[in-house]
Each structure stands twice: as C-alpha cells, then as structure tokens.
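**Q** Have a look at this one before I ask anything.
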Amino acid sequence: MTMIQILVDADACPVKEEIYKVAFRHEVPVMVVSNSPLRIPTHPLISRTVVSDGFDAADDWIAERVTAGTVVVTADILLADRCLKMGGTVIAPNGKPFTSASIGNAIAVRAIMADLRAGGDQIGGPAAFSKADRSRFLSALDEELVRLINARRRAGGGPL
C-alpha cells in the first residue's frame with residue numbers, strides 16, 4: 001500500500017500555510033519542492049527539497065515520486081497531467097481539482113492562450129487569488145485527505 005503524502009510545487013504556491021494546517025490535522029507528510037530555498041516550519045511532517053533551477057526540474061522531481069496516495073498541489077497544467085497519469089490526485093491552489101476528465105480541456109485552453117499570446121494578442125492573466133480561493137483550497141485538500149485515509153483504512157490500513 002502506498003504512503004499518503006502531499007507534494008507541493010512550491011515556488012509560486014500561495015497556500016503553503018493552508019497545506020501545513022491540513023497536513024498537521026491529518027498527520028500527513030508534506031514535501032515542499034522548489035528551485036530556491038524556502039522557509040518551512042520546523043516540524044517532523046514537513047520537509048523540503050531544493051532542485052536545480054533547470055527547466056522543469058521541480059516538475060520532474062515531483063512527477064517521478066507520485067503514487068496513488070499522493071496529493072500534488074500545483075497550478076501547472078502540464079505537471080498536473082503527468083501526476084494524474086501516475087495515479088496521483090492534483091489540486092490547484094484555488095481549490096479546483098485537476099481530474100482525468102478535465103485535464104484535456106485545461107491543456108487545450110492553455111495551448112490556445114499560448115498561441116494568442118505568441119500572436120501578439122493582449123489577453124488577461126488569471127484572476128487575482130481571493131479569500132474564496134483559499135477557502136475552497138482548504139476544503140478540497142481536507143476532503144481529499146479524508147478520502148485517501150478512509151480508503152486506506154478500508155483496505156486494511158497500515159501507517160500513512
């Protein structure tokens with residue numbers, strides 16, 4: 001049985017404190033992955049990995065470690081796709097889940113937006129991060145961890 005864990009694509013993640021809060025409540029380990037050193041709480045459940053600043057280095061590190069018990073927190077659509085293919089669960093910082101049913105559309109929209117930008121079109125960026133996004137994220141992460149923990153218990157348990 002795979003270990004339940006949270007992997008965080010951390011360089012631009014606005015919900016790290018929320019991740020720690022939920023992880024502490026459920027006693028689930030968190031790995032903060034970044035290209036540069038970030039402050040993390042001194043706690044046995046929280047650790048960090050600093051990868052090279054190479055293109056996609058953090059994404060590669062995360063994708064190589066995803067299992068069915070992994071919750072990945074990222075806004076990166078291509079990383080989300082890789083993690084879903086490995087059997088992981090992926091939640092964006094705004095609380096919206098990436099799923100196998102939604103990822104194809106997200107990739108297509110990403111490609112269209114990139115084409116528009118490359119053509120010189122002035123398009124807006126994502127909406128500003130809001131309190132509602134933060135609240136939605138807290139709820140989504142909590143629900144997903146409860147689902148994984150309950151599934152583990154039904155399957156015969158073992159340590160997280």
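**Q** When segment 76-105 is examined, which residues are found to be buried (at least 20 other Cβ atoms within 10 Å of the Cβ) and small (Gly, Ala, Ser)?
**A** ALA80, GLY88, ALA92
**Q** Sort through GLU18, GLU27 and tell me the only one that's within 16 Å of the chain's Cα centre (by Cα) and either within 28 Å of ARG154 (Cβ to Cβ) or modelled with pLDDT of 95 or more (or both).
**A** Values: GLU27 fails: within 16 Å of the chain's Cα centre (by Cα).
That would be GLU18, the only listed residue that is within 16 Å of the chain's Cα centre (by Cα) and either within 28 Å of ARG154 (Cβ to Cβ) or modelled with pLDDT of 95 or more (or both).
**Q** Continuing with the same structure: Tell me, which residue of segment 41-70 that is of a type in the set (Asp, Glu) and under 30 Å from ASN150 (Cα atoms) is nearest to the chain's Cα centre (by Cα)?
**A** Initially, segment 41-70 is screened for residues of a type in the set (Asp, Glu), giving 53, 56, 59-60, 64.
Those still in the list that are under 30 Å from ASN150 (Cα atoms) too: 59-60, 64.
Details: ASP59: 10, ASP60: 13, GLU64: 14 Å.
Top of the filtered list is ASP59.
**Q** Moving to a separate point now. Take segment 18-52 and flag every residue that is charged (D, E, K, R) and farther than 21 Å from GLY69 by Cα. Can you show your working first?
**A** Of segment 18-52, the ones charged (D, E, K, R) are 18, 21, 25, 27, 39, 48.
Answer for segment 18-52, where residues must be charged (D, E, K, R) and farther than 21 Å from GLY69 by Cα: just ARG39.
**Q** On to the next question. Out of everything in segment 143-156 that is touching a residue at least 24 places away in the same chain (Cβ under 8 Å) and surrounded by fewer than 16 Cβ atoms within 10 Å (Cβ to Cβ), what residue ends up being farthest from the chain's Cα centre (by Cα)?
**A** Taking segment 143-156 and keeping what is touching a residue at least 24 places away in the same chain (Cβ under 8 Å), we get 144-146, 148-149, 152, 155-156.
Of the ones still in play, those that are also surrounded by fewer than 16 Cβ atoms within 10 Å (Cβ to Cβ) are 146, 155-156.
Details: VAL146: 16, ALA155: 25, GLY156: 26 Å.
It comes out as GLY156.
The values are calculated or read from the model by the stated rules, or taken from the named source; none is laboratory data. Owing to the predicted nature of the structure, the values given are computational and were not obtained by experimental measurement. Every residue, glycine as well, gets a Cβ built from its backbone with ideal geometry; the counts of neighbours run over all protein chains shown.
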